[in-house]
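Worksheet for the structure shown next.
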Amino acid sequence: MIAEVYQKEKEQENSMLISLVERIQTGDQQAFLDFYEMTKKAVVFNVRQNGVPERDLEDIVQDIYVKVFKNIASLKDPSSAFGWIRKIAVNTARNYHRKAETKHEELLYEKTGDDGDQLDPFDSFDVNDSMSAVLPMPAEIIDAREGSRMIYDMIMELPEKQGLSLMDYF
């Protein structure tokens, strides 16, 4: 009984989605808004499943719907709309990660010396940059450098996606 009700609801939802796609393809803007409302939760779920951080979620979802809007006229089979938008969501999330990796590689490249050796990001710690009128004691400088180095080392041991997210934060 429950399975029959669920199946019937899914068929109605699919029928409505097909109708919305057909209306969108004829230029009905309200149909696109309805399509957005109907598919948004699933798109957000897919984007989150693909590891996009919350801070970028809204931008990625917007990119997805811009792609959908630009390309929905080329969708030949409206009954495949849900799978089509899911594929766009997954590909957009993957592209997000590729861009993040490229950004991370550029940052690493900027942190290398002329001889190609990795520069120590903690060598830039300068007592004279302190905003405080009281100069820190040498032990405090060493503690601050060691604490920063420990955080950096821990971040570098994390899986790549998590490490990239934390590197952006710190």
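Observations on the model:
- The simple Förster model, with R0 at 25 Å and r as the Cβ-Cβ distance, assigns Leu33 and Tyr6 a FRET efficiency of 0.40.
- Ordering Arg98, Arg23 by accessible surface, largest first, gives Arg98, Arg23; the 1.4 Å probe counts only protein heavy atoms, with every chain in place.
The values are calculated or read from the model by the stated rules, or taken from the named source; none is laboratory data. Because the structure is a prediction, the values reported are computed rather than measured. Note: ideal-geometry Cβ built from the backbone for every residue, glycine included; neighbour counts use all protein chains shown. Quick note on the areas: whole protein, heavy atoms, side chains included, nothing else; ligands and nucleic acids left out. Shrake-Rupley method; radii C 1.70, N 1.55, O 1.52, S 1.80 Å.
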